[in-house]
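Just below is one structure, and these are the notes that go with it.
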Amino acid sequence: MRYIGAHVSAAGGPQHAPQNAQAIGATGFAMFTKSQRQWAAPPLKEADVIAFKQACATIGYPPAAILPHASYLINMGNAEPAKWQQSVNALTDELQRAAMLGLSMVNFHPGAHLNLVSEKECLSLIAKGINQVLAHTEGVIAVVENTAGQGSNLGYRFEQIAEILEQVEDKGRVGVCVDTCHAFAGGYDLSTPKGYEAMWQEFDSTVGLPYLRGLHLNDAMKPLGSRVDRHSPLGEGCIGLGAFELLAKDLRFEGLPLILETPEPERWPMEIARLREWAGE
């Protein structure tokens, strides 16, 4: 099955996320394990960790169905040593928190060069950061998300992601999450069946489908190749519903979380129900 859901709130503690996912009919979900807008966060409470694990077991969310998202502050492409280390430390903490919760992966945005270094140097800094994070954590997979390429953000082309992965030492603990809006903004036209298949063929030949660990399902408010990160509800943007029906039915994504990050959360139950129907669940 495909684990279909949305990025739900964990306000008040991670134990609330599984219930919030269940309430919208989700079979998978994403969440933040701490505030996404702050560097520091209090450690997870043991009681909250136990409650989270119990809720997941009771409702039926295995680790493969859950793709937690790291803080947006993290930028391991920053060439300033202190700020680079701050980002590495923050991602290390994210993976450690995921491990405490019994989760198997953490999704993060790779980083931006901020016009301080070349793209190639920035990609190497990101890979160096991942290597340090993996060296100080155990088990949890670091999942690199493709970006829209807004500003100086890298990771909007599959070649850039491949270059990062090539420099990661522990290939078994790194993966990729493809965001459909970001892919479209980055120039991949998945709005037609032909373009959809071409994108995945290019991903497989450049990165490798075995690295794929999850998908973010978002329509795109801006046109193809805009390099602007603006999500739309499914079917109301420039990608259109057809691509999401193809994604839901695509057996290549069996066992992966397919996560909505669309605006207007009140639509999520309807969007999830439609995706699950397309997936035959």
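The values are calculated or read from the model by the stated rules, or taken from the named source; none is laboratory data. Small disclaimer: the values here were computed from a predicted structure and weren't measured. Cβ sites come from the backbone with ideal geometry, for glycine too, and all protein chains shown count toward neighbours.
Here are the numbers for the structure shown:
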{"quantity": "Criterion (under 25 Å from His109 (Cβ atoms) and free of Cβ contacts under 8 Å to residues at least 24 places away in the same chain) met by exactly one of His69, His7, His16", "calculated": "His16"}
{"quantity": "Qualifying residue in the range 132-139 (condition: touching a residue at least 40 places away in the same chain (Cβ under 8 Å), touching a Leu at 6+ places or on another chain (Cβ under 7 Å) and aliphatic (A, V, I, L, M))", "calculated": "yes"}
{"quantity": "Residue ID - nearest to Gln167 (Cα to Cα), chosen from residues in the range 189-207 that are touching a residue at least 24 places away in the same chain (Cβ under 8 Å) and either basic (Lys, Arg) or part of a loop (DSSP other than H, G, I, E, B) (or both)", "calculated": "Val207"}
{"quantity": "Qualifying residue in the range 244-251 (condition: surrounded by fewer than 16 Cβ atoms within 10 Å (Cβ to Cβ), assigned to a loop (DSSP other than H, G, I, E, B) and among the charged types (D, E, K, R))", "calculated": "no"}
{"quantity": "Options Leu44, Leu95: the member that is in contact with a strand residue (DSSP E or B) (Cβ under 6 Å, 6 or more places away or on another chain) and either part of a strand (DSSP E or B) or at pLDDT 95 or above (or both)", "calculated": "Leu95"}
{"quantity": "Of all residues making up the range 231-247, the number that are of a type in the set (A, V, I, L, M) and farther than 18 Å from Gly5 by Cβ", "calculated": "4"}
{"quantity": "Gly235 under 18 Å from the mean Cα position of the chain (by Cα), assigned to a loop (DSSP other than H, G, I, E, B) and either crowded, with 17+ Cβ neighbours inside 10 Å or at positive phi (or both)", "calculated": "no"}
{"quantity": "Any hit, the range 28-51, residues being of a type in the set (A, V, I, L, M), over 16 Å from Glu94 (Cβ atoms) and touching a residue at least 40 places away in the same chain (Cβ under 8 Å)", "calculated": "no"}
{"quantity": "Residue within the range 269-276 that is surrounded by 15 or more Cβ atoms within 10 Å (Cβ to Cβ) and at positive phi present", "calculated": "no"}
{"quantity": "The lone exception for Asn115 - which of (1) surrounded by fewer than 22 Cβ atoms within 10 Å (Cβ to Cβ); (2) of a type in the set (S, T, N, Q); (3) assigned to a helix (DSSP H, G or I) it fails", "calculated": "(3)"}
{"quantity": "Identity of the residue in the range 118-133, of a type in the set (Gly, Ala, Ser) and part of a helix (DSSP H, G or I), that ends up farthest from Ala30 (Cα to Cα)", "calculated": "Ser124"}
{"quantity": "Breaking point among (1) assigned to a loop (DSSP other than H, G, I, E, B); (2) within 19 Å of the chain's Cα centre (by Cα), for Trp268", "calculated": "(1)"}
